[in-house]
1. Go through region A:1-35 and report how many residues are surrounded by fewer than 17 Cβ atoms within 10 Å (Cβ to Cβ) and either basic (K, R) or away from chain C (no Cβ under 12 Å) (or both).
2. Quick check: is even one residue across region C:395-402 closer than 22 Å to C:I365 by Cβ and of a type in the set (G, A, S)?
3. Only one of B:G150, B:G72 is under 26 Å from B:F196 (Cβ atoms), surrounded by 17 or more Cβ atoms within 10 Å (Cβ to Cβ) and either out of contact with any His (no Cβ under 8 Å at 6 or more places or on another chain) or of a type in the set (G, A, S) (or both). Can you tell me which?
4. Just checking, which of A:G172, A:G144, A:G113 is at pLDDT below 85 and within 14 Å of chain C (Cβ to nearest Cβ)?
5. Run A:G255 past the list (1) over 14 Å from the mean Cα position of the chain (by Cα); (2) touching a residue at least 12 places away in the same chain (Cβ under 8 Å); (3) in a helix (DSSP H, G or I) and report the number of the one that doesn't hold.
6. In region C:203-220, what count of residues is obtained for those that are within 20 Å of the chain's Cα centre (by Cα), modelled with pLDDT of 90 or more and more than 12 Å from C:A149 (Cβ to Cβ)?
7. Within region A:289-330, which residues are at pLDDT below 90 and more than 14 Å from chain C (Cβ to nearest Cβ)?
8. Of the residues in region C:33-57, how many are open to solvent by less than 20 Å² (accessible area, probe 1.4 Å) and in a loop (DSSP other than H, G, I, E, B)?
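The values are calculated or read from the model by the stated rules, or taken from the named source; none is laboratory data. Everything quoted here is computed from the prediction, not taken from an experiment. Cβ: placed from backbone, ideal geometry, glycine included. Neighbour counts: every protein chain shown. Please note that ligands, DNA and RNA were not included when accessible areas were found on the heavy atoms of the full protein model with its side chains. Shrake-Rupley method; radii C 1.70, N 1.55, O 1.52, S 1.80 Å.
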Amino acid sequence: MNFKMAHAPHLRCSERGSQMCADLLIVFAPLCVISAIYYGVRPVLLVLTGLLSAVLFETFGYLLMRRKPKISDGSAAVTGVLIGSLVSPLSPYWLPVAGAAFAIFAVKMPMGGSGRNLFNPAAAGLAAVTLCFPGFFFTYPDPGLGIPLPLSSRALSEVITLSSPAAQLASGGQTLYSPTMLLLGNFPGPIGATAIAILLACGLFLLVRRTITPYIIFPYLATCALLAALFPRVSGGLTGSVMAELCSGYLLFCGIFMLNDPVTAPRHWLGRTAFGVLAGLFVMLMRYFGRFEEGACFAILLVNAFATTLDRLGWYAVNLKRIKRRRHSA
Amino acid sequence: MSKVEKQPFSKTMTEIKNVFLDTFLTKNIVLVQAIGITPILAAGVTLQKGVVLTLCTAAVLLPASLFMSLFGDKLPTWVRAPIYSVGAALILLGAAVLLDRSVSNELYASLYVFLPLTAVNTLVSYRAGGFSVSHVPVVALTDAIASSLGFGLVICVVSALREMASFGTLWGETLNFAIVLPEAALPYAAFLLLGFMAAFLQWIQSVIARRENASVRLNG
Amino acid sequence: MSKFTKSDGQSSLIGGKLPHHRRGEQPPLKRGVLLPFLKEPAASRQIANITPPSQIVMPLLSGDGSSCHLVAGNYDTVLIGSILGLPEQKDGCPVYAPVSGVISSQCSIMHPLLGDVACAVIDCMATGGEFGRKKPVDSLTSEAILELAFKKGIIDELDGQLLASKLASWRKGKHIMLIADGTEQEPYGSASWSVLNESAEQVRDGLALAARAMGAAGYHIAVKLSKKRHQKLSTMLNKDELISVHRKYPSKPAVHTSGAAICRIGVQSCLALYRAAAFDQPPCDCVVTVSGDAVANPQNVRVPFGTMVEDVLRFCGLAQDPEYVILGDAMTGITVQHTDIPVVPGITCILALKTRTQVPTHACIGCGRCVSACHKNLLPFEIMRRLDNMQYERLAPLLPEECDGCGVCSHVCPSGLDVTAKVLEARDAHGNIFVKWGDGDEF
């Protein structure tokens, strides 16, 4: 009788990579619901467009590379949903499709597909469409009206648009939005990134599920808050400035979902901490000096380039003594 | 004075062909060695600019390489760089006047600082100051031509694509595209294009290598 | 195979030139993973004595790794506990007959743990039996205990090394706590639990002997305690002799005295040392946990050395045909292709599995689980990546030689990659992968 051979250990953890993606997809549901309450069905359709197109493009990309499509790991779906939920509710349906196409075909597939991409595909896709079609970004409808947006893109010109908190921050002066309004998401902004209270709950859920790591998200938010406190752009005191900076735009959303993408973040705790601090610094610099009112996706692309270096440096810094001792004994 | 040993040269066409193909394609100066990227990113926006930059590069690189190949090993190291830089600057001065007066004032103005910068481009200093000094004039000249052509090929392809994408024109002629992406004129688009072209080149080479391996296995 | 590295010295014991590889271990890190229990029902059952097999195959390999030659010829009768094989050099430790029987032939087998090894095939007539009367052990000196442990060839089941050489190498260390490791942190295994349940006092006395032999500052028995087990054990032992371990695998038992280095030996080797001292009895058998979802009656079995794994599995009964047979525990054990393999000292667990969870393999997604789980504070994913990318010269700074092969990184990997195997490959190559790589290359 011949038995099969396998490497130890013979007992594997039942957790799968796809479950991490499933967690992420689950927490998008409440965000979509909140958006649907404010704007009607249109934002949900936009998110679904992003999801479907990303999955389709990924399948196509794998077929093009003559490899077996591995959609089941869910990374493409997450990319699509991320792009879909960071566009304005007023954007046309082809916008998330274009973003997903760039994310998959220019950023993910050429690097070798899932697990090998250097840059976060969602951030790159979003950055590309932001750069190419800035007209569709940063114009947001007024959520206070409670009227569902028209489903067809042609009727959108009638919709009243408001300037978002991020735009107000960029222009300076007094912010119009109270901390309560910011927490409830009752302010104009991208589809999924406004409901701050829900976002925080999602973050907590993901932290508990260990899908995202506290080593990145807390230093990131702390750096952003510190910079907002040191260099306020609006009048309204310390709290007002910090709240406005942290809740506006998609700073928190990117911190939770994009920065924690395991493929493009460091693995060592010290590297992760440095990564979070650097990301916070870049995000705030993009806000202070950037061309757009919100540049978190550009900042994330920038900091992704440092991920591997920070990882090694962090590990070497922690284990310096051990390595030196080893070198002496050798 | 540092004495430089000239690389042996067999005086056959095959070797010249190899040098040419190496620098032009298999070790393309831009796509593989990553030299001379700056003008492509910043100035390679329209095909006209691309062609002008190619011509300027060739005009600088050919005499510089020839000169360095002939006299480079007789000069001390510290004096080489100033000599070919000053020479290149003089040539470019003439080229600039020619371009400004008799071709197009606008083109000259739009090339901005990148035309004079060609004199101190890494492409010139690397090929003329490095490769040519240690090679005989024939090889050095072949290499200079191949470098210019390799650089020209890349910058022309990139600038033509970017011109079409960002302005909807090619060589100034309107092409009537439905969608125009003005943002393609930003440097990141050139980075992307260069990345894809480099990957494409690597892919072609890997296919060739695989075929050669297969034929070696069949024969041996 | 990490557990069964051979001792690298054939040095004489008294001269004290022994490898100093284990002079005390690092204090434990609170890392690792929580593993499922899976020890029931074997852990709560009594130790069963195997029905004597018709034939056993005893490897003629002494405890220090040198090969021995038979002292008796074919068709000679050997008695249990008598010397079966003598090593080539004079003062090596001999091989004892684990059963009484008739030597029928000699053969050479390929053992997955020992390599190519010569064996004596013995037709088994009787197992077990009475040994001499109990002798007082209190008067033994430290040298006498070491000599005894060496002559009886007692092997520590924790790492398959000679107990005497481990103890002797620790003698030079100062302020060492000696710990009998009965924690059985891996799933399934419960052999040392059952040994402790059966004869805790003898284990304690053996441990005291070992502590005296190496001059330890103190000794403890480490167990994983549930309330029920605690009650039962504390009736037999002093309460302060027991210590517990952290719940996470792999955690080393810790003593809360400051500055004490910790050295661990196995529970079964403590028992063997006591029996050698008190009854002059060489180790003839070991307790093996037989478990897994293909086994009908998971239990702890007392097996004479040299018993075929097939006989052991047959004794416990197979509920279904296993797909995998594993020597060793579920985290570090190795799979074998066939069961014609004798049980040798060091094996404490035999698993027969029908199903084995293996995640479908994706590329590394870089989740960092292996980094946060690694109790040696390494970067397993990076070692694997550099190995896969053939960046062998860049492996050394990542210290792969510190890996002890606990298997946690593979266990937690959500992509189902064999990270541990890769890290061990990097460790065992000692920077010589170039040679290995060049050998099999066809170009």
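1. Residues that pass the stated criteria total 6.
2. no
3. Details: B:G72 fails: under 26 Å from B:F196 (Cβ atoms).
Matching residue, one of B:G150, B:G72: B:G150.
4. Details: A:G172 fails: within 14 Å of chain C (Cβ to nearest Cβ); A:G144 fails: within 14 Å of chain C (Cβ to nearest Cβ).
Only one candidate passes the filter, namely A:G113.
5. (1)
6. 4
7. Within region A:289-330, A:G290, A:R291, A:F292, A:E293, A:E294, A:G295 qualify.
8. 3
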